[in-house]
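The values are calculated or read from the model by the stated rules, or taken from the named source; none is laboratory data. Nothing here was measured: the structure is a model prediction, and the numbers come from that model. Positions of Cβ are generated from backbone atoms using ideal geometry, with glycine treated the same way; all protein chains shown enter the neighbour counts.
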Number of protein chains: 2
Amino acid sequence: MLKIVKNNKKARTGVLNLGGFEVQTPFFMPIATKGAVKNISIEDLQSLGAQIVLGNTYHLWLRPGDELIKQAGGLAEFMNWNGPILTDSGGFQVFSLGARAGKNFGKNGVKLIEEGVEFSDPLDGKKYFMSPEKSIEIQLNLGSNVVMVLDECPPFPCSHDYARKSMELTLRWAARCQKYFQQKAPEGSKRPLLFAIVQGGVYEDLRKECARRLVEMNFDGYAIGGVAVGEPRKHLYEILDWVVDELPQDKPRYLMGLGKPEEIAAAVEAGIDMFDCVIPTREGRHGRLFVWNEENPTMTKILADKNFYQTINIVNKKFEKDFSPIDLNCDCEACQNYSKAYLHHLLKIKEPLFLRLASIHNLNFYLKLMRVLRES
Amino acid sequence: MLKIVKNNKKARTGVLNLGGFEVQTPFFMPIATKGAVKNISIEDLQSLGAQIVLGNTYHLWLRPGDELIKQAGGLAEFMNWNGPILTDSGGFQVFSLGARAGKNFGKNGVKLIEEGVEFSDPLDGKKYFMSPEKSIEIQLNLGSNVVMVLDECPPFPCSHDYARKSMELTLRWAARCQKYFQQKAPEGSKRPLLFAIVQGGVYEDLRKECARRLVEMNFDGYAIGGVAVGEPRKHLYEILDWVVDELPQDKPRYLMGLGKPEEIAAAVEAGIDMFDCVIPTREGRHGRLFVWNEENPTMTKILADKNFYQTINIVNKKFEKDFSPIDLNCDCEACQNYSKAYLHHLLKIKEPLFLRLASIHNLNFYLKLMRVLRES
């Protein structure tokens, strides 16, 4: 499924065919939560060289609805994106709403039972029921090229006992998703990939068992979930070590929801192929911009010195009269056209153009990081 | 100064040289109040074919300050705009703050006296004093290509007596602006134009007298002010009739702050060359989008039938599943890339990308309107 072009110890580069598009791995997916990458147009995404975007099943189900998007010809067509799409399953949003296995309550009246998750739309109170089958149905309606199984994401900290119960539920739901997917997904070239999600908290035995049992079920790819839920970062690298060795070489590996540039570099070194994260756009909107310290970065340099970049806060008084660009070596629209002083001014007056330029700059940083990691 | 290319009764097309840029008249200026056209980048403005933008002296004086912009090389350089700039004088903002001649109070502690206007920054309470000389000094610091005199804008309704007193003040301020400008403005090719502003309320005698006396003082161009202050629209066409006949043929004429498409067309017919208005961007941000009813519009058609366009409200339920573009004949980014259903969705979820696309679409409508008026 994943054509590996080059290996370097655990790290690898390759090509993944998604819905007719050849995607170079490892890659980073900008997040189009509600069918748009916040403040960013399709032309921006194309100029940035983004290869694939991520849509959120939970948000799109509520608004504008998966049936409407199906009528539009799928999410890519709806948002005019000429490329592949990965959709999450809604599991993480259910987690955010406070749903926990064995506890039939949470925020917004959320209720998690064996069958699935009941919750209310925070905006209008309308009731929804998300089952593993429903999640797949929605994702197929969205025309996703990479469909994720519905999982339960345990919080941090959580006991071994809870993590096991949660993992067993995730495994049962993965089986239901797979069964439904096999019945309903289109065949042939239009068939999307179905990815399972490895859970198990910070417990080595559970993570390995979960990975092994999912691999036995033979999915198209494997994600590592439950790693951006507030746990200390040292656990991340342990979990990567435990899980990656259990996964097959020829299937893509996706680290969900991470991370900082140095974490992404370390995860690529550990054998991960796919990433998504709100950091570049969210940090950008708050004025925190990534700047390369290395003029000619390589993977070796990046792994050797985690100061390969810095984050500047453009609102800082010292940029008020700094008429140079954010990053002299950056080819993004913000750096090519505007000075730090101008961007500082735009942020101070709350001009929305700032949000777009900052998002573009930080996404460009992340996409360049991925290119550097691929090329080294 | 204005090279007239073609006349049609009172209407005319021409070329105006502004800071080395040849600008085709009649033209519309997008408004970059605080040094940016809200939600719109410089690349957007260039793609739209905007010829000139307007900056607001009052706002830029307060933030980031005219001295900083001077250091940046002027407003065009600061915002990376490769074209000419017109700056207003701050007079209209002073009017908005509630300053009135002969009444030493208003909103935010504003005080209007012979010497000028004292006011406080609404954000931090810092005191400012705007005199005619100060307004010109700021505009020269901003590197403006068309500098406007400081005027007093009478409210509507106002008595003949008040309108006369106000007009006399405007004339005295115009003389002070001219004197200061002659002393301080750069010479040669870098010399900006200085425009006077015709006031006089809705009174024929005052409007004509004001125009005549300003023409005697020999400015580079003449603006008509005080016409977007809540007066019934019939007065607009009267005022245009009264004033335009008093103005010299070879000087540009600028109708400040107007208007709707049919008003702009009528004003071009009446002999106006320059426009600025918040309508396209502000209406766009609220979901109201302009759509041509004429596939091949001409000035004759536009003047004959004011239904040459319509305004749709994209938030309307009927667009929820309308997968066609806003306007099939529009070449803007919004119409080329997205459906009404998608834009409806973006507005409903309050996605900032909507604000940009709606502003681009409506500006494109206005700029096409000006092209049609120029070419017919």
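Observations on the structure shown:
- Answer residue from segment B:51-70, given it is in contact with a Ser or Thr (Cβ under 9 Å, 6 or more places away or on another chain) and aliphatic (A, V, I, L, M) and is nearest to B:Leu369 (Cα to Cα) among those: B:Leu54
- Only one of the listed residues (A:Gly109, A:Gly143) is of a type in the set (Gly, Ala, Ser) and in contact (Cβ under 8 Å) with a residue 40 or more places away in the chain. That residue is A:Gly143.
- Condition met for B:Ser376 (in contact (Cβ under 8 Å) with a residue 24 or more places away in the chain, surrounded by 22 or more Cβ atoms within 10 Å (Cβ to Cβ) and of a type in the set (Ser, Thr, Tyr)): no
- Test: A:Phe21 is away from chain B (no Cβ under 14 Å) and surrounded by 17 or more Cβ atoms within 10 Å (Cβ to Cβ): no
- The residues of segment A:13-40 that are of a type in the set (Ser, Thr, Tyr) and touching a residue at least 60 places away in the same chain (Cβ under 8 Å), listed by number, are A:Thr13, A:Thr25.
- Reported count of residues in segment B:46-69, each being of a type in the set (Gly, Ala, Ser), surrounded by fewer than 22 Cβ atoms within 10 Å (Cβ to Cβ) and either within 13 Å of chain A (Cβ to nearest Cβ) or over 18 Å from the mean Cα position of the chain (by Cα) (or both), is 2.
- Hey, A:Asp66 out of contact with any Lys or Arg (no Cβ under 9 Å at 6 or more places or on another chain), assigned by TED's automatic domain parsing to the domain that holds A:Phe195 and farther than 20 Å from A:Arg176 by Cβ or not: no
- With a requirement of 1 or more residues that are of a type in the set (Ser, Thr, Tyr), the helices (runs of 4 or more DSSP H) lying completely within segment B:112-219 that satisfy it span B:132-141, B:160-184.
- Every residue from segment A:185-234 that is of a type in the set (Ser, Thr, Tyr) and within 23 Å of A:Thr25 (Cα to Cα): A:Ser189, A:Tyr222
- Residues satisfying the stated conditions in segment A:211-227, i.e. touching a residue at least 24 places away in the same chain (Cβ under 8 Å), out of contact with any helix residue (DSSP H, G or I) (no Cβ under 7 Å at 6 or more places or on another chain) and surrounded by fewer than 20 Cβ atoms within 10 Å (Cβ to Cβ): A:Arg212, A:Val215, A:Asp220
- Listing of helices (runs of 4 or more DSSP H) fully contained in segment A:1-108 that carry 1 or more residues being farther than 24 Å from A:Ala266 by Cβ and either β-branched (Val, Ile, Thr) or at pLDDT below 95 (or both): A:42-48, A:57-62, A:66-71, A:91-96
- From the options A:His361, A:His344, residue that is touching a strand residue (DSSP E or B) at 6+ places or on another chain (Cβ under 7 Å), crowded, with 22+ Cβ neighbours inside 10 Å and either in a helix (DSSP H, G or I) or assigned by TED's automatic domain parsing to the domain that holds A:Ala265 (or both): A:His361
- Against the test of being under 26 Å from the mean Cα position of the chain (by Cα), of a type in the set (Val, Ile, Thr) and at the interface with another protein chain (Cβ under 10 Å from one of its Cβ atoms), the options A:Ile312, A:Ile360, A:Ile349 yield a single qualifying residue, A:Ile360.
- Residue that is surrounded by 21 or more Cβ atoms within 10 Å (Cβ to Cβ), among the aliphatic types (A, V, I, L, M), more than 10 Å from chain B (Cβ to nearest Cβ) and more than 26 Å from A:Leu240 (Cβ to Cβ), where the choices are A:Leu75, A:Leu16: A:Leu75
- Residue selected from segment B:126-141 under the condition touching a Gly at 6+ places or on another chain (Cβ under 9 Å) and surrounded by fewer than 24 Cβ atoms within 10 Å (Cβ to Cβ), by the criterion farthest from B:Lys190 (Cα to Cα): B:Lys127
- Residue match in segment B:27-40 (condition: out of contact with any His (no Cβ under 9 Å at 6 or more places or on another chain), away from chain A (no Cβ under 14 Å) and over 25 Å from B:Glu246 (Cα atoms)): no
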